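K.L.:
Handing you a structure now.
What follows draws every value from the coordinates through simple rules; no lab data is involved. Every value quoted in this text rests on a predicted model; they were computed, and no experiment measured them. Heads up, the Cβs are rebuilt from the backbone with ideal geometry, glycines too, and the neighbour counts pull from every protein chain shown.
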Amino acid sequence: MKKNLILCAAVLLVLATPAISLACTNYLVTKGASVDGSTMITYAADSHVLYGELYHWNAGEHPEGTMIDVYEWDTGKYLGKIKQAPRTYNVVGNMNEYQVAIGETTYGGRGELVDTTGIIDYGSLIYLTLQRSRSAREAIKVMAELVSEYGYYSSGESFSIADKDEVWFMELIGKGVGNKGAVWVALRIPDGYVSGHANQARITTFPLENKKTSISSKHLDKIFEPAIEVVYAADVISFAREKGWYEGKDKNFSFSDTYAPVSFGGARFCEIRVWTMFNQVSSGMENYWEYVKGNIAHADKFEDGTENPNKYATNRMPLWIKPEKKVSNHDLMMYMRDYLQGTELDMSKDFGAGPHGLPYRWRPLTWKVDGITYVNERATATQQTGFSFVTQSRNWLPDAIGGIIWWGVDDANTSVYMPMYSSITKVPHNFERGNGAMMKWSETSGFWIFNLVSNLSYTRYNMIQPDVEKVRNQLEADFIERTASVDAAALKLFQEDKAKALAFLTDYSCDQGARTFNAYKTLHQELFMKYMDGNVKTRVEGQQNPDVKQPGYSEQFLRKIVEETGEKLKAGSADH
């Protein structure tokens with residue numbers, strides 16, 4: 001499938017057939033699990049060809065009969081026309097003026113279910129839905145109706161959907177050419193819990209319509225009833241039966257195991273990223289370590305003694321967990337920077353990290369020596385991120401003030417999460433669409449200045465990255481500390497005149513974007529001067545020349561050189 005080579009492709013790796021992974025990561029936090037009572041989701045849009053820019057659509061009114069063109073988000077391919085909504089809402093990145101936020105990860109699933117005649121791809125589905133929804137429940141309804149009416153063009157997808165009160169997890173996959181629409185399941189995450197997904201379908205069994213809390217798509221209008229916690233396509237099980245993919249009782253039907261069974265790669269490259277976040281907030285996650293390393297267990301029966309005819313994996317992680325400590329927006333920023341540190345798979349510790357402890361490996365994800373396949377780890381933080389974010393939806397504030405998307409470009413470890421209020425009427429010039437492109441340089445582009453810094457850091461990571469983190473951490477600390485006072489000032493203006501409040505928040509958000517760009521432009525200049533030519537230079541007050549150190553390489557790296565070169569580089573008796 002073309003999408004597997006473009007953006008957020010699922011890892012479908014088996015050892016005999018290595019696959020390319022360009023993946024994304026989402027973490028989901030309900031208001032009862034957050035420090036301040038906000039709902040939060042994260043998203044890293046990871047792709048080697050995605051140019052990081054902050055999308056924006058203004059709110060609008062549209063005459064009846066208006067049609068709009070749909071282009072595939074990954075490639076720009078024209079897919080067709082659909083009806084425009086009578087009213088659309090302001091959208092900043094992946095969040096709208098009503099504090100609705102949506103993220104995604106692609107799990108791929110059964111390849112034959114891609115409908116190449118569909119008009120709605122997963123990216124368009126997100127941004128069309130954000131323009132048309134005032135709550136997470138409405139977003140699910142809109143998404144289901146769009147793919148039903150126009151067909152679903154993409155492969156299998158997991159979605160994070162949040163508003164100021166609830167967080168939902170939805171998984172969806174098409175039905176193939178000739179079967180317009182999709183099969184899907186959406187679950188409300190219980191308040192006080194956290195969840196995550198990272199390119200592996202995770203919804204297994206779910207309550208069916210015989211319970212008051214569950215409805216099928218036949219009764220989609222009931223989704224707004226507060227008691228409803230589970231919504232699913234009416235044919236999600238029957239379609240699998242027709243295809244011969246499922247036999248057994250309805251209650252044992254697993255969406256993930258039927259439409260996207262977990263493989264070695266689905267665990268090792270995908271589920272492991274969910275595990276790292278769960279492991280930060282809850283004890284006992286070591287019980288799933290073997291699973292996320294790719295050692296998948298199967299059994300003939302489930303724990304309750306019922307048959308497991310499809311041989312589903314039985315050692316999978318739970319879909320959500322209750323954290324032992326509440327999670328802040330800053331916590332989520334740091335979780336997005338995880339590279340498996342503190343585990344045996346920490347890539348900064350083996351020889352592949354080079355002499356300076358680089359925690360990344362260049363693609364491909366798998367490689368062979370003497371006919372044996374080996375892997376590079378796929379951590380949450382990765383060099384090929386286009387953009388990433390942490391959203392906050394806060395129900396104690398008016399919608400115009402409550403929504404913040406903490407947004408940044410490039411590798412999350414070097415990126416700065418800048419506060420962009422979701423009601424702003426324009427975005428910072430340094431990050432707006434059209435200011436540069438993946439193969440078009442712009443001197444004022446935030447994406448390019450962040451890549452200059454990150455790629456310089458990769459050359460001597462253990463030396464340069466700490467300098468980057470000082471600037472990154474100070475900016476984010478300042479932004480977070482200011483939030484309460486910015487909220488208060490905006491609220492005071494809002495009570496007088498909403499337009500003034502929006503103008504204030506727009507100016508503030510744009511100023512922080514410009515401030516961040518300028519800080520990183522200066523940072524790149526200073527880093528280049530300090531670390532040029534393998535040296536480490538430090539200014540000395542009152543002295544023309546800086547202090548110069550030449551730290552060389554790590555002992556581990558030098559020992560490997562000696563092992564490989566033997567006596568060739570050994571110095572003679574003369575002391576040089």
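K.L.:
Would you compute the Debye intensity of the stretch 397-534 from its alpha-carbon atoms alone, equal scatterers and no solvent, and pass along log10 I(q)/I(0) at q = 0.10, 0.18, 0.19 Å⁻¹ to two decimals?
P.N.:
Rounded to two decimals, the profile gives -0.37, -0.98, -1.05.
K.L.:
Let me ask something additional. Where in the chain are the DSSP H helices whose C-alpha atoms run 27 Å or more along the long axis and whose mean Kyte hydropathy is at least -1.0?
P.N.:
The qualifying helices are 461-496, 498-531.
K.L.:
A further question follows. Listed highest first by mean packing, meaning other Cβ atoms within 10 Å per residue, what order do 99-105, 469-475 come in? List each step's numbers first, then the result.
P.N.:
Working: 99-105: 29.0, 469-475: 16.1.
Sorting 99-105, 469-475 by mean packing, highest first, produces 99-105, 469-475.
K.L.:
For K77, give me every one of the lysines with a C-alpha distance below 19 angstrom, ignoring sequence neighbours fewer than eight places off in its own chain.
P.N.:
Partners found: K2, K3.
K.L.:
Sorted by packing (mean other beta-carbon atoms within 10 Å per residue), highest first, where do 200-207, 48-55 land?
P.N.:
Details: 200-207: 22.2, 48-55: 19.9.
Order by mean packing, descending: 200-207, 48-55.
K.L.:
Please find the FRET efficiency linking T522 to L569, where r is the Cβ-Cβ separation and R0 is fixed at 35 Å, and quote it to the nearest 0.05.
P.N.:
Numbers: r = 40 Å, r/R0 = 1.14.
Efficiency, rounded to the nearest 0.05: 0.30.
K.L.:
Also, I was wondering about something else. Charges only on Cβ, +1 for Lys and Arg, -1 for Asp and Glu: so what's the dipole of the chain about the Cα centre, in debye to the nearest 20? Working shown, then result.
P.N.:
Details: 61 positive and 70 negative charges, 79 e Å.
The dipole of the chain has a size of about 380 debye.
K.L.:
On to the next question. State the answer as a single residue: which of F479, L502, G446 lies farthest towards the positive end of the charge dipole of the stretch 397-534, with beta carbon charges of +1 for Lys and Arg and -1 for Asp and Glu, about the Cα centre.
P.N.:
Selected residue: G446.
K.L.:
Please report Rg over Rh for the chain, where both radii come from the alpha carbon positions and Rh follows the Kirkwood definition. The partial results should precede the final answer.
P.N.:
On the way: Rg = 24.7 Å, Rh = 25.0 Å.
Radius of gyration over Kirkwood radius for the chain works out to 0.99.
K.L.:
The stretch 337-374 to the stretch 398-472: how many Å between their Cα centroids?
P.N.:
For the stretch 337-374 versus the stretch 398-472, the Cα centre distance is 25 Å.
K.L.:
Stretched out fully, how many nm does the piece from D165 to H62 gain, at 0.36 nm a residue minus the Cα gap? Please list the in-between numbers first.
P.N.:
On the way: separation 103, 0.36 × 103 = 37.08 nm, distance 2.90 nm.
Contour length minus Cα-Cα distance gives 34.2 nm.
K.L.:
Which length gain, in nm to one decimal place, applies between Y553 and K426 when the Cα-Cα distance is subtracted from 0.36 nm times their residue separation?
P.N.:
Details: separation 127, 0.36 × 127 = 45.72 nm, distance 4.71 nm.
Length gained, Y553 through K426: 41.0 nm.
K.L.:
Given the C-alpha centroids of the stretch 180-222 and the stretch 79-156, what is the distance between them in whole angstrom?
P.N.:
17 Å
K.L.:
Can you give me the distance in nm between label points at K560 and K322, each placed 7 Å from the Cα along the Cα-to-Cβ direction?
P.N.:
Each label point is offset 7 Å from its Cα along the Cβ direction, giving 4.6 nm.
K.L.:
What is the calculated FRET efficiency for K470 to M334, with r their C-beta to C-beta distance and R₀ = 22 Å, to the nearest 0.05? Before the final figure, lay out the partial values.
P.N.:
Details: r = 15 Å, r/R0 = 0.69.
It comes to 0.90.
K.L.:
Under 24 Å between alpha carbons, and skipping anything fewer than 8 positions from K498 in its own chain: which lysines qualify?
P.N.:
Output for K498: K164, K426.
K.L.:
Quick one: which of K470/K530; K31/K211; K175/K243; K31/K222 span more than 19 angstrom between C-alpha atoms? Numbers along the way, then the final one.
P.N.:
Values: K470/K530 15 Å; K31/K211 25 Å; K175/K243 10 Å; K31/K222 23 Å.
Over 19 Å apart, Cα to Cα: K31/K211; K31/K222.
K.L.:
Could you give the size of the charge dipole of the stretch 397-534 about its Cα centre, using +1 on the Cβ of each K and R and -1 on the Cβ of each D and E, expressed in debye and rounded to the nearest 20?
P.N.:
Here the size comes out at about 180 debye.
K.L.:
Which Cα, out of V91, S124, P546, lies furthest along the positive dipole direction of the chain (beta carbon charges, K/R +1, D/E -1)?
P.N.:
About the Cα centre, the residue reaching furthest to the positive side is S124.
K.L.:
Which chymotrypsin sites (Phe, Trp or Tyr not before Pro) from the stretch 334-396 combine a DSSP loop assignment with at most 12 other Cβ atoms within 10 Å?
P.N.:
Numbers: sites: Y335, Y339, F351, Y360, W362, W367, Y374, F387, F389, W396; in loops: Y339, Y360, W362, W396.
Answer by residue number: W362, W396.
K.L.:
Let me ask something additional. Run the quick spin-label model on V49 and A477: label points 7 Å from Cα toward the beta carbon, then report their separation in nm to one decimal.
P.N.:
4.2 nm
K.L.:
Now, a different point. Using a Förster distance of 41 Å, how high is the FRET efficiency between V540 and D497, based on the Cβ-Cβ distance and rounded to 0.05? Intermediate values should be presented prior to the final figure.
P.N.:
Working: r = 54 Å, r/R0 = 1.33.
Computed FRET efficiency for V540 and D497: 0.15.
K.L.:
222 nm [θ] for the chain, helices only, -39500 (n - 2.57) per DSSP H run of 4+, per residue, to 500? All intermediate terms of the calculation are to be shown ahead of the outcome.
P.N.:
Details: 12 runs with 154 residues, N = 576.
-8500 deg cm²/dmol, from helical runs alone.
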